[in-house]
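> Dropping a structure here in structure tokens format, bear with me for questions.
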Amino acid sequence: MEQALREIDKEADRIVREIGIPPSPAILTRLLKQTREDEPDYDEAAKLISADVGLSGAMLKTVNSAFFGLRTKATSIKQALQLLGLRNAVEIITGLLLRQSFPVGDNAAMDDFWQTSSGIASVCAQLARPLGIGNRDEVYTFALFRDCGIALLLVKFPGYANFMKASHPDSGSAITAAEIEKFGIDHASLGARLARSWLLPEGTTAGIQHHHDIAQLQSGSVAREACRLVALALAAEWIYTRHNVGPKCPEWSRGGDFALNTLNISTEDLLAAAKTIDH
């Protein structure tokens, strides 16, 4: 068994090398260095971000959006950093840089993927406060990165978009099992590797790795922080799907009980929280 697992891991490493994990952007490395300083240089951080017109515009649009609920609208990058705090701002920037790494172009499947991921991330951030779960900016970043391995698979395999349409998660098995069978690797493992290479927190990385593995999450072997992130994102996905797609959310049928138990809430509590969401 162990030998078989090693062989699978070796094959996954080969596929990862072929796909190519986008390297951590230099700007992220420099901003993370600032967050580790006792007295971060907000002027230097603002200068770094402002040098990228697309990134700075996307950041201001994001932090001024309804789901962040800032009482004062940020009119400059430095003001945004001061309102959010540098560490929280870097969480948001990390997600924006992820999107920049996978441009949509004329790829309709990639566009649909980012629309859904961004929508779920928005709901996730808004749920954090009423449910008292985690830091709003941290859970937003986690929800954006949770399925980022899908973006990698869309880039590498032209047939992956059709595979997603044809897959039937209602069967009760996770989509990751079908991905391994067809492509030799799954999006959760790919996403965790990307998160690790970008120096995301270990709880975020573990959550990405195991977000489809409900049995593993329930076993107690995964850190509680990771379990809570997965549960919150799953609750956000359920709300987003009900509002934008329809009443059926296949992942909720597999992991809904886990999510409710982990968040220590009832379905009624979640429905009440959903009424506060700005879609």
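> Which of the helices (runs of 4 or more DSSP H) contained wholly in segment 13-113 include at least 3 residues that are at pLDDT 90 or above, over 30 Å from Asp186 (Cα atoms) and in contact with a Lys or Arg (Cβ under 7 Å, 6 or more places away or on another chain)?
By residue number, 42-50.
> In this structure, does Ala178 turn out to be part of a helix (DSSP H, G or I), surrounded by 16 or more Cβ atoms within 10 Å (Cβ to Cβ) and more than 14 Å from the chain's Cα centre (by Cα)?
Yes: the conditions hold for Ala178.
> Collect the residues in segment 187-199 that are part of a loop (DSSP other than H, G, I, E, B) and buried (at least 23 other Cβ atoms within 10 Å of the Cβ), keeping them in residue-number order.
Passing the criteria: only Trp198.
> Within segment 125-134, can one find any residue that is in a helix (DSSP H, G or I), modelled with pLDDT under 90, crowded, with 24+ Cβ neighbours inside 10 Å and within 14 Å of the chain's Cα centre (by Cα)?
Yes, segment 125-134 contains at least one residue that is in a helix (DSSP H, G or I), modelled with pLDDT under 90, crowded, with 24+ Cβ neighbours inside 10 Å and within 14 Å of the chain's Cα centre (by Cα).
> Further question: (1) within 16 Å of Ala174 (Cα to Cα); (2) without any contact (Cβ under 8 Å) to a residue 40 or more places away in the chain; (3) not aromatic (Phe, Trp, Tyr): which one isn't true of Glu251, the others all being true?
It is condition (2) that Glu251 fails.
> State yes or no: is Pro158 modelled with pLDDT under 90, over 28 Å from Ala51 (Cβ atoms) and surrounded by fewer than 20 Cβ atoms within 10 Å (Cβ to Cβ)?
In short, yes.
> What do you reckon, is Ser122 assigned to a helix (DSSP H, G or I), out of contact with any Gly (no Cβ under 9 Å at 6 or more places or on another chain), under 26 Å from Ile239 (Cα atoms) and not acidic (Asp, Glu)?
For Ser122, the condition - assigned to a helix (DSSP H, G or I), out of contact with any Gly (no Cβ under 9 Å at 6 or more places or on another chain), under 26 Å from Ile239 (Cα atoms) and not acidic (Asp, Glu) - is met.
> I'd like to know if segment 199-207 contains one or more residues that are closer than 28 Å to Lys275 by Cα, out of contact with any Ser or Thr (no Cβ under 9 Å at 6 or more places or on another chain) and among the β-branched types (Val, Ile, Thr).
no
The values are calculated or read from the model by the stated rules, or taken from the named source; none is laboratory data. Model, not experiment: these values are computed from the prediction. Heads up, the Cβs are rebuilt from the backbone with ideal geometry, glycines too, and the neighbour counts pull from every protein chain shown.
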